[in-house]
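One structure is given below, encoded as structure tokens.
Bear in mind that the values in this text are calculations on the coordinates, not laboratory data. None of the values given here were measured: they were computed from a predicted structure. Here the Cβ is made from the backbone with ideal geometry for all residues, glycine too, and neighbour counts use every protein chain on show.
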Amino acid sequence: MGRIISVLGGTRSGKSRFAAGLAPSRSKKVAFVATCLACDKEMKKRIQHHKSSRPSEWTTFEGTKDLAALFKKIRNRFDVIVLDCLTLWISGLLTKDCPEDKIRQDLLDILEGIHSSKAKLIVVSNEVGLGVVPEHALGRRFRDIAGRMNQLLTQTSDDVYFLVAGLPWNIKINGKIKTNS
């Protein structure tokens, strides 16, 4: 049975580096699914930086919009799949006017497919609920949908980490919410 690990946090919190560290670099087949599209020079530079920090043995899938179809193809071919990042995938779909119910169904298909596979899925996502209310309707729509998809993700996850300034806080372990007592 597959396993799902969520890694959430704010911008530049260290999510991607931490998530990559959860995946073994040797002896396992690892896939890296990058959802960011290189739409300008600055983003191309960021993508190149991320690429250079990944182990060369990993198989990378880039700029994929139809994640549900991709995951159906690869979930039994890899031991570990790192998805970086859920919120960039959502923002790309919203720019194409994709409805929320389609995003939700695709995410459910991915998560259910992983649970019925042998793979471990590590999902990176931005926590969007700690900021201000966006000024524009598209920003508010993104924040609301991303927040609901993060909730769906973490409810389905076996383990959940929240990153703050590079420090991981494990808030869910083996399906149980961690308490301080």
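Computed from backbone phi, the HN-Hα couplings of the range 141-158 come to 4, 4, 4, 5, 5, 4, x, 5, 5, 4, 5, 4, 4, 6, 5, 8, 6, 7 Hz, rounded to whole numbers (Karplus: 6.51 cos²θ - 1.76 cosθ + 1.60, θ = phi - 60°; Gly and Pro given as x). Largest GNM mean-square fluctuation across Glu135, Glu62, Glu112, computed for the chain with C-alpha springs under 10 Å, falls on Glu135. Across the range 41-128, the convex hull enclosing all Cα atoms gives 110 Å³ per residue.
Taking 19 Å as the straight-line reach from the Cα of Lys96, the lysines in range (excluding those fewer than 8 positions away in the same chain) are Lys65.
The lysines within cross-link reach of Lys172, meaning a Cα-to-Cα straight distance under 22 Å and a gap of 8 or more places when in the same chain, are Lys15, Lys118, Lys120. Can you list residues from other chains, or at least 5 along the same chain, whose modelled amide H is less than 5 Å from the amide H of Glu62? Those lying under 5 Å, H to H, from Glu62 are Ala34. In this structure the amide hydrogen of Lys120, modeled in the peptide plane, comes within under 5 Å of the amide hydrogens of Arg3, Val80, Ile81, none closer than 5 places in sequence on its chain. Placing a pseudo-label 7 Å from each Cα along the Cα-to-Cβ vector at Gln105 and Gln151 gives an inter-label distance of 2.1 nm. Averaging over all projection directions, the Cα-based convex hull of the chain occupies 10.8 nm² in the image plane. Expressed as a fraction of 2.2 N^0.38 Å, the value expected for a compact globular protein of N residues, the C-alpha radius of gyration of the range 119-172 is 1.27. Its Cα centre serving as origin, the range 3-177 has a Cβ charge dipole (Lys and Arg +1, Asp and Glu -1) of approximately 540 debye. Dividing the summed -39500 (n - 2.57) terms of all DSSP H runs of n ≥ 4 by the residue count of the chain sets its mean residue ellipticity at 222 nm at -13000 deg cm²/dmol.
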